[in-house]
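Below is one structure, written out as structure tokens; the observations come after it.
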Amino acid sequence: MSVETRIERFAAMGTRVEFHVFGPVEEEVMRSARRAVEAVDDCLTIHRPSPATALNEALAAGGSVEIGDPLLLEALVLADAAVAATGGLFDPTAGEGVGGGWARLSIDRAAARITADGPVAFDFGGFGKGYALDRAVDILRGAGIVSALLSAGESSIAVIGAHPLGGGWPLAIPDPAVPGGTLTVIEVEDAALSISATVGAGMLAPNRAATVRPRDGRPVAAARTAIAVEASGALAEAISTALIVADAGEAAVLIAARPGHRHLFDHAATAAAREDADV
């Protein structure tokens with residue numbers, strides 16, 4: 001069976017973004033979806049001047065600041081919900097050696113203001129990629145697209161509807177601890193998937209900060225991969241990040257909330273099991 005396919009590739013969010021759209025789609029719709037991703041990149045990046053860097057400068061000593069950019073305001077509101085959903089395990093204010101600062105701030109969406117009782121700086125990281133894909137998905141859905149796969153690198157994926165040949169989209173999750181290996185295969189339909197890891201080539205990317213526990217700022221030393229499948233890319237990114245930093249009990253609670261959709265792999269334990277099997 002032949003299915004009309006349109007593929008768009010471009011660089012944004014510090015990675016390669018791809019749209020694979022199945023079925024007829026107008027050129028302007030593809031351009032709009034791309035612009036949606038690029039707009040989020042321009043808004044949330046901290047690697048060049050942006051509304052996010054301006055906000056960080058304004059909150060360097062705390063205080064109350066008006067949020068003039070609607071994309072930044074929406075991202076902050078979504079991040080606030082994700083922080084609550086993960087019990088604070090996801091926190092885009094956390095940095096190496098510094099505990100999370102989300103508990104020190106409040107967001108007034110109606111007044112478009114954020115207030116912090118101490119220094120706060122945001123780094124949206126993977127959450128920004130998920131949010132960007134969500135906005136592109138909204139545009140494609142609004143144009144009547146019923147089957148598509150969007151990705152931002154290999155770690156952030158969103159799919160619209162079912163696979164064009166029927167059923168879910170089978171996504172092979174690479175094993176970052178075994179070159180060329182596959183960790184698992186997950187079928188996704190009309191949802192978003194995020195992968196977070198503390199090992200693998202992605203951790204060697206320029207300007208890549210260590211993953212830290214928000215509550216105490218300690219880097220996560222364990223070799224782990226977390227996978228989350230959620231209704232939105234932004235939430236999937238938050239959940240996979242939370243799983244990476246969670247202790248055993250915290251991870252069990254998160255996984256139990258959506259069994260089959262959230263996974264945490266311990267590579268050290270897997271390697272030990274392989275060694276035992278080889279003896």
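The values are calculated or read from the model by the stated rules, or taken from the named source; none is laboratory data. As the structure is a prediction and not an experimental result, all values here were calculated from the model. Heads up, the Cβs are rebuilt from the backbone with ideal geometry, glycines too, and the neighbour counts pull from every protein chain shown. With ligands, DNA and RNA removed, areas are computed over all heavy atoms of the protein, side chains included. Shrake-Rupley method; radii C 1.70, N 1.55, O 1.52, S 1.80 Å.
Worth pointing out:
- With respect to the conditions (1) open to solvent by 20 Å² or more (accessible area, probe 1.4 Å); (2) touching a Lys or Arg at 6+ places or on another chain (Cβ under 8 Å); (3) closer than 27 Å to ILE7 by Cα, ILE160 lacks only one, and its number is (1).
- When every residue of the range 125-132 is checked against the conditions, at least one turns out to be touching a Cys at 6+ places or on another chain (Cβ under 9 Å) and in contact (Cβ under 8 Å) with a residue 24 or more places away in the chain.
- Residue within the range 84-95 that is free of Cβ contacts under 8 Å to residues at least 40 places away in the same chain, in a loop (DSSP other than H, G, I, E, B) and closer than 24 Å to ALA136 by Cα present: yes
- Unmet criterion (only one of (1) at positive phi; (2) under 19 Å from the mean Cα position of the chain (by Cα)) for LEU73: (1)
- When the residues of the range 215-236 are filtered to those that are within 16 Å of THR93 (Cα to Cα) and open to solvent by less than 10 Å² (accessible area, probe 1.4 Å), the one that is modelled with the highest pLDDT is ALA234.
- Matching residues in the range 25-55 - criterion: being of a type in the set (Asp, Glu) and assigned to a helix (DSSP H, G or I): GLU27, GLU28, GLU38, ASP41, ASP42
- Of all residues in the range 125-136, those being open to solvent by less than 10 Å² (accessible area, probe 1.4 Å) and more than 9 Å from the chain's Cα centre (by Cα) number 3.
- Selection count where residues are among the hydrophobic types (A, V, I, L, M, F, W, C) and within 29 Å of ASP247 (Cβ to Cβ), scope the range 56-91: 12
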